[in-house]
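The values are calculated or read from the model by the stated rules, or taken from the named source; none is laboratory data. The model shown is predicted, which means the values in this text are computed figures rather than measured ones. Positions of Cβ are backbone-derived with ideal geometry, glycine not excepted, and every protein chain shown enters the neighbour counts. Surface accessibility is based on the protein's heavy atoms, side chains included, excluding ligands, DNA and RNA. Shrake-Rupley method; radii C 1.70, N 1.55, O 1.52, S 1.80 Å.
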Amino acid sequence: MPEEQDLPKEKRLRIREMNIDDFSTVFHLGEDIFTAEYSPSLYRTWDEYEITTLFNSDSELCLVAEAEGQIVGFALGTTVEKHHSAWKYGYLVWLGVRPFMQKLRIGARLFREIKRRMREQGVRMIIIDTDAENEAAIRFFTKQGFNNIQKHVYMTLNLGRKRKGKKRDAAAEPGKNLESR
């Protein structure tokens, strides 16, 4: 296998720790990837707090993939130690790659590096979660060696929608004044 420096310039990829200057780019890339269309039942929301919280707790598990000076992917993880357990768990919380670059094994390289780092930290098991309908993610993680797929149920209640057959209280309607009743 050729060394990376021997590859054509457009194929060079560098995996490195994320730094504060990368937050905006990673955030906007995540916004492009983790949309309601991507996963309508996404129970965890993508926002700037995801990045800052993980970076502040486990910066060495916040990685970016960079090609020609541009961030093309990221992996954000953390470790969990349970009370009264000898095991330390790794949790890969987010893994994203620019859509037009997803067939270039960038995700696999990000995963391989975060797995190496977790192993160095004493992690004995890595956990990921994805939507049960996300066949591409399930295929990807199966190729990375994950197995024992468990299906979980996450339920949602959208409080912004008006339920059929129920009148809304005037106080709940924007612009309605209680005194005008």
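For segment 120-136, give me each residue that is of a type outside the set (D, E) and surrounded by fewer than 19 Cβ atoms within 10 Å (Cβ to Cβ). Steps first, answer last, please.
Taking segment 120-136 as the starting set, the residues that turn out to be of a type outside the set (D, E) are 121-128, 130, 132, 134, 136.
The answer is Q121, G122, R124, M125, I127, I128, T130, A132, N134, A136.
For segment 161-174, state whether one or more residues are modelled with pLDDT of 90 or more and either open to solvent by less than 80 Å² (accessible area, probe 1.4 Å) or part of a helix (DSSP H, G or I) (or both).
First, pick out the residues of segment 161-174 that are modelled with pLDDT of 90 or more: none.
Among the residues of segment 161-174, not one is modelled with pLDDT of 90 or more and either open to solvent by less than 80 Å² (accessible area, probe 1.4 Å) or part of a helix (DSSP H, G or I) (or both), which makes the answer no.
Can you confirm whether R117 is surrounded by 11 or more Cβ atoms within 10 Å (Cβ to Cβ) and of a type outside the set (F, W, Y)? Reasoning before the result, please.
Numbers: surrounded by 11 or more Cβ atoms within 10 Å (Cβ to Cβ): yes; of a type outside the set (F, W, Y): yes.
Considered against the rule, which asks whether it is surrounded by 11 or more Cβ atoms within 10 Å (Cβ to Cβ) and of a type outside the set (F, W, Y), R117 comes out as yes.
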Might you let me know whether segment 128-144 holds any residue that is outside any loop (DSSP other than H, G, I, E, B), among the charged types (D, E, K, R) and within 17 Å of the chain's Cα centre (by Cα)?
yes
Mind checking which pairs have a first residue in segment 130-153 that is modelled with pLDDT of 90 or more and a second that is in a helix (DSSP H, G or I) and not hydroxyl-bearing (S, T, Y), Cβ under 7 Å, 6 or more apart or different chains?
F140/G107; Q144/A108; Q144/F111
